[in-house]
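Undergrad: Structure incoming, see below.
The values are calculated or read from the model by the stated rules, or taken from the named source; none is laboratory data. Note that the coordinates shown come from a computational prediction; the quantities given were computed from them, not determined experimentally. Quick reminder, even Gly has a Cβ in these numbers, built from the backbone with ideal geometry, and neighbours come from all protein chains shown. Calculation scope for accessible area: heavy atoms of the full protein, side chains included, ligands and nucleic acids excluded. Shrake-Rupley method; radii C 1.70, N 1.55, O 1.52, S 1.80 Å.
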Amino acid sequence: IQKMYEKYLSKNKFIKFQKTINDGKNIYWMVGILISSKSNITKNVLSKKLKKNGIETRNFFMSMREQPCLKKFFSKKKNLTPNSNFLWKNGIYLPSSHNLNEKKIKYICNVIKNIFS
């Protein structure tokens, strides 16, 4: 599924995909994208516009330090997890159901392209 998303969105300069590291093979259970901070579209705006088109997304996971139920266990110092905070602020998961076919993925990608244009 990720390869199909990459096929249709690879030319979008505001979207980055997860990459395989050190010749390993990733088994993606979700397709995550990062929205560039240089874009005038935020992940929240993108998610809302996709939802209006019948496309549901999910946010990347929040840092454990920021989880409301766990905050009391961590220091009150700010931004101790900058990478996790960046991912939370800029990342969303695209639909990745086993019943998605190329036609549906192409539709999702076209909606995304239109949002960024």
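Undergrad: Please enumerate the residues belonging to region 44-58 that are outside any loop (DSSP other than H, G, I, E, B) and touching a helix residue (DSSP H, G or I) at 6+ places or on another chain (Cβ under 7 Å).
TA: Taking region 44-58 first, the residues outside any loop (DSSP other than H, G, I, E, B) are 44-52, 58.
Passing the criteria: L46, K49, L50.
Undergrad: Filter region 59-79 down to the residues that are in a loop (DSSP other than H, G, I, E, B) and either in contact with a Lys or Arg (Cβ under 6 Å, 6 or more places away or on another chain) or not charged (D, E, K, R) (or both) and list them by number. Outline the logic, then answer.
TA: Filtering region 59-79 for residues in a loop (DSSP other than H, G, I, E, B) gives 60-63, 67-70, 74-79.
Hits for region 59-79 are F60, F61, M62, S63, Q67, P68, C69, L70, F74, S75, N79.
Undergrad: Also, quick follow-up: Could you please let me know if S63 is within 17 Å of the chain's Cα centre (by Cα) and free of Cβ contacts under 8 Å to residues at least 40 places away in the same chain? Quick ask: steps written out before the conclusion?
TA: On the way: within 17 Å of the chain's Cα centre (by Cα): yes; free of Cβ contacts under 8 Å to residues at least 40 places away in the same chain: yes.
In short, yes.
Undergrad: Please determine whether any residue of region 42-55 is among the hydroxyl-bearing types (S, T, Y), crowded, with 16+ Cβ neighbours inside 10 Å and under 19 Å from K7 (Cα atoms). Please lay out each step first, then the result.
TA: Going residue by residue through region 42-55, those that are among the hydroxyl-bearing types (S, T, Y) are 42, 47.
In the following step, the residues that additionally are crowded, with 16+ Cβ neighbours inside 10 Å were identified as 47.
Subset that is under 19 Å from K7 (Cα atoms): none.
Within region 42-55, none of the residues are among the hydroxyl-bearing types (S, T, Y), crowded, with 16+ Cβ neighbours inside 10 Å and under 19 Å from K7 (Cα atoms).
Undergrad: Looking at region 35-43, can you tell me whether even one residue there is of a type in the set (D, E, K, R), in contact with a strand residue (DSSP E or B) (Cβ under 7 Å, 6 or more places away or on another chain), modelled with pLDDT of 85 or more and in a helix (DSSP H, G or I)?
TA: Let us first name the residues in region 35-43 that are of a type in the set (D, E, K, R), namely 38, 43.
Those still in the list that are in contact with a strand residue (DSSP E or B) (Cβ under 7 Å, 6 or more places away or on another chain) too: 43.
This time we only want the ones that are modelled with pLDDT of 85 or more, so: 43.
Keeping just the survivors that are in a helix (DSSP H, G or I) gives 43.
So far as region 35-43 goes, yes, one or more of its residues are of a type in the set (D, E, K, R), in contact with a strand residue (DSSP E or B) (Cβ under 7 Å, 6 or more places away or on another chain), modelled with pLDDT of 85 or more and in a helix (DSSP H, G or I).
Undergrad: Hey, among the residues in region 75-117 that are open to solvent by 60 Å² or more (accessible area, probe 1.4 Å) and of a type in the set (A, V, I, L, M), which one's modelled with the lowest pLDDT?
TA: The extreme case among them is L80.
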